[in-house]
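Have a look at the structure below before the remarks.
The values are calculated or read from the model by the stated rules, or taken from the named source; none is laboratory data. Only a predicted model underlies this, so the values are computations on that prediction, with no experimental measurement involved. Don't worry about glycine lacking a Cβ; one is built from the backbone with ideal geometry, like all the others, and counts go over all protein chains shown. Just the protein is used for accessible areas: all its heavy atoms, side chains included, with ligands, DNA and RNA removed. Shrake-Rupley method; radii C 1.70, N 1.55, O 1.52, S 1.80 Å.
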Amino acid sequence: MNANVFSPAVLIASVYVFALAAFLGYQVISRVPPLLHTPLMSATNAISGISLIGSLVLAGSKGYPLPAHILGFVAVTTATINVVGGFGITDRMLKMFKNRAAAAKKEEAK
Amino acid sequence: MNFATYSPSMYFMEATYLIASILFILSLKMMSHPDTARRGMFLAEGGMFAAVVGTLIGGHIISWTWIIAGLSLGSIIGAWMAVSVPMTAMPQRTALSHAFGALAAALVGIGEFLVNINELGPVKRGALGFEIILGALTTTGSLIAAGKLQGIVPGRPIQFKGQNIVNLATAAAMAGCFFYFWFNPEASAVFYSMLGIAFLFGVMLVIPIGSADMPVVMSLLNSYAGLAAAATGFVLGNNVLIIAGTLDGFSGFILSVLMCKAMNRSITNVLFGGFGSVIAEETHSAGGVMREISLDDAAMQLAFASRVIFVPGYGLATAQAQHAVRELADMLEERGVTVKYAIHPVAGRMPGHMNVLLAEANVPYSALYEMEQINPEFPSTDVAVVIGANDVVNPDARDNPKSLIAGMPILEVDRARSVIVLKRGQGRGFSGLENPLFFKSCTSMLYGDAKSSLTHLAQAVQHV
């Protein structure tokens with residue numbers, strides 16, 4: 001993480017990662033049926049909260065000035081809201097999707 | 001990267017990142033079926049947890065106060081938001097969540113600028129610029145979108161003369177700051193101007209878009225938030241950020257393309273947000289008389305039908321009538337009526353929103369049919385019941401090439417033997433267009449609040 005200037009090899013590797021992730025993402029996501037598009041959106045939203053790990057470094061790293069720690073604190077907070085809220089709501093939605101048998105069973109239990 | 005300085009804890013951290021990336025991809029793969037989707041989400045949560053633990057162990061963390069405070073505060077607010085939000089308010093909550101995630105990316109970018117801007121090479125400076133711009137405009141854009149969906153900000157398009165010129169000038173100023181900063185990293189005034197303009201630009205991007213277009217805006221903002229995270233990955237040289245951000249970016253992009261197709265809008269129109277969208281004059285006005293139907297007659301029609309298709313629209317959601325429609329459907333099924341639900345891809349306020357609302361009311365997902373599947377079935381359907389949907393069943397889209405929504409794929413409700421439209425009054429839909437379906441001889445109108453109409457229909461069916 002100390003290398004702040006990309007060596008050409010690392011830059012090329014990052015571009016590979018980006019391109020492969022884009023291709024894989026396209027393949028995987030285009031198979032999600034419209035039925036699940038809202039949970040998909042809130043799930044990927046939660047995953048985009050991965051900015052959290054950049055925020056953690058900013059909030060707690062060695063030798064950073066206080067303003068950076070404070071920015072990091074706010075970033076940790078907002079990213080955590082994104083992650084916890086996003087996964088929480090996605091799970092709440094997915095719990096409701098039932099096939100016929102399960103839907104009938106739940107009605108009986110009521 | 002200098003591997004000679006890699007400590008065991010850093011290898012551990014990189015290993016957790018690799019595991020997290022794999023888990024994210026697997027979890028999205030499992031989202032392709034409702035039976036596995038929930039397990040998939042547990043994998044993604046595990047991946048996120050692994051990445052956080054890896055960072056805390058391998059990321060040279062020395063001060064824990066800020067981290068613990070942030071994690072606890074964020075968890076409390078996030079958990080509260082997840083449990084407290086009703087399903088109808090899901091779109092604005094997701095928009096708010098986009099705003100928080102994008103803000104985090106922008107703040108990490110500012111932090112990176114404060115801490116080691118002088119050591120960043122040109123490629124990373126470029127990535128930092130993208131991170132700041134995308135993060136900032138997504139933050140304010142999402143806030144405006146959430147405000148519009150919640151009704152705090154007026155939902156109608158807010159447009160003024162010369163808006164396109166002002167917007168283009170703002171974009172040009174933002175790009176100018178970006179390039180100046182790229183070559184002069186020490187110019188902090190320019191950096192903060194870029195940040196400020198990007199915040200402003202987010203507002204200007206979403207303000208001119210009407211609520212009816214919010215599904216596209218939502219998925220576009222989702223895409224931007226992901227790309228901001230991916231740019232952060234380039235700045236920090238962190239692969240899990242690149243992978244997770246790219247997955248999110250692409251998911252949003254794919255969904256926006258699908259939404260555009262469903263509304264027959266050009267993708268360029270959407271990529272530039274509200275740019276160039278004009279309120280066109282209505283070219284066709286249907287005329288005639290709307291025939292009202294009494295509750296008992298409607299119940300009679302339904303009870304003696306053999307095939308019924310419900311077409312839910314946002315009117316159903318606002319009336320919170322998803323439970324009432326299921327009760328009516330149950331009643332009909334007991335009498336041997338085949339009941340199906342037809343879901344238009346842009347019904348609701350975000351992609352697939354209607355499916356979630358019906359799932360909340362325990363409608364089994366096997367009873368929900370997509371537009372392509374259900375359209376051929378309308379001609380053999382006895383009664384189509386349209387509940388608070390206007391534009392997605394407007395035959396003008398198919399028949400009248402001059403119509404504003406010409407070419408938009410619709411649910412071909414007008415081909416059913418008879419149509420009952422549940423509607424509050426004679427007003428027009430979201431798009432402001434008159435709907436000739438309502439004047440057809442096979443169509444009858446049942447006015448009133450969708451929830452009470454459906455409840456009364458169910459009672460009436462029981463007594464038939």
Index of the failed condition, residue B:256 passing every other in (1) at the interface with chain A (Cβ under 10 Å from one of its Cβ atoms); (2) hydroxyl-bearing (Ser, Thr, Tyr); (3) open to solvent by less than 10 Å² (accessible area, probe 1.4 Å); (4) within 14 Å of the chain's Cα centre (by Cα): (1)
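Which one of these is buried (at least 16 other Cβ atoms within 10 Å of the Cβ), within 18 Å of the chain's Cα centre (by Cα), within 7 Å of chain B (Cβ to nearest Cβ) and small (Gly, Ala, Ser): A:59, A:75?
A:75
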Per-region count, the stretch B:54-67, residues of a type in the set (A, V, I, L, M) and either surrounded by 21 or more Cβ atoms within 10 Å (Cβ to Cβ) or at pLDDT 95 or above (or both): 1
Residue B:34 surrounded by 17 or more Cβ atoms within 10 Å (Cβ to Cβ), in contact with a helix residue (DSSP H, G or I) (Cβ under 9 Å, 6 or more places away or on another chain) and not aliphatic (A, V, I, L, M): yes
Scope the stretch B:320-358; condition within 24 Å of residue B:263 (Cα to Cα) and either open to solvent by 50 Å² or more (accessible area, probe 1.4 Å) or without any contact (Cβ under 8 Å) to a residue 40 or more places away in the chain (or both); matching residues: B:340, B:341, B:343, B:352, B:355
From the options B:220, B:247, B:227, residue that is crowded, with 24+ Cβ neighbours inside 10 Å, facing chain A (nearest Cβ under 7 Å) and either modelled with pLDDT of 85 or more or assigned to a helix (DSSP H, G or I) (or both): B:247
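Listed residues B:346, B:339, B:356; which is in contact with a strand residue (DSSP E or B) (Cβ under 9 Å, 6 or more places away or on another chain), among the β-branched types (Val, Ile, Thr) and outside the structural domain of residue B:220 (by TED's automatic domain parsing)? Talk me through it step by step, then tell me what you get.
Values: B:346 fails: in contact with a strand residue (DSSP E or B) (Cβ under 9 Å, 6 or more places away or on another chain); B:356 fails: in contact with a strand residue (DSSP E or B) (Cβ under 9 Å, 6 or more places away or on another chain).
Only one candidate passes the filter, namely B:339.
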Test for residue B:408: is it crowded, with 22+ Cβ neighbours inside 10 Å, farther than 27 Å from residue B:293 by Cα and assigned by TED's automatic domain parsing to the domain that holds residue B:446: no
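Okay, residues lined up against (1) outside any helix (DSSP H, G or I); (2) within 17 Å of residue A:21 (Cβ to Cβ); (3) touching a residue at least 12 places away in the same chain (Cβ under 8 Å); (4) not assigned by TED's automatic domain parsing to the domain that holds residue B:363:
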position: B:10; (1), (2), (3), (4): no, no, yes, yes
position: B:14; (1), (2), (3), (4): no, yes, yes, yes
position: B:23; (1), (2), (3), (4): no, yes, yes, yes
position: B:28; (1), (2), (3), (4): no, yes, yes, yes
position: B:32; (1), (2), (3), (4): yes, no, no, yes
position: B:38; (1), (2), (3), (4): no, no, no, yes
Total residues in the stretch B:350-365, condition of a type in the set (A, V, I, L, M) and outside any helix (DSSP H, G or I): 3
Lone unmet requirement of (1) modelled with pLDDT of 90 or more; (2) out of contact with any Cys (no Cβ under 7 Å at 6 or more places or on another chain) for residue B:418: (2)
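Which of the helices (runs of 4 or more DSSP H) found entirely inside the stretch A:1-64 contain at least 2 residues meeting this: touching a helix residue (DSSP H, G or I) at 6+ places or on another chain (Cβ under 6 Å) and not assigned by TED's automatic domain parsing to the domain that holds residue A:76? Even if it seems obvious, please write down each step before you answer.
Details: elements: A:8-29, A:37-47, A:51-60.
Passing ranges, in order: A:8-29.
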Count of residues meeting criterion [within 19 Å of residue B:318 (Cβ to Cβ) and either open to solvent by 20 Å² or more (accessible area, probe 1.4 Å) or facing chain A (nearest Cβ under 8 Å) (or both)] in the stretch B:90-119: 4
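From the list A:47, A:29, A:53, A:70, which residue is without any contact (Cβ under 8 Å) to a residue 40 or more places away in the chain, more than 7 Å from every other protein chain (Cβ to nearest Cβ) and either within 25 Å of residue B:96 (Cβ to Cβ) or acidic (Asp, Glu) (or both)?
So the residue among A:47, A:29, A:53, A:70 that is without any contact (Cβ under 8 Å) to a residue 40 or more places away in the chain, more than 7 Å from every other protein chain (Cβ to nearest Cβ) and either within 25 Å of residue B:96 (Cβ to Cβ) or acidic (Asp, Glu) (or both) is A:70.
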Failed condition for residue B:49, given (1) modelled with pLDDT under 95; (2) open to solvent by 10 Å² or more (accessible area, probe 1.4 Å): (1)
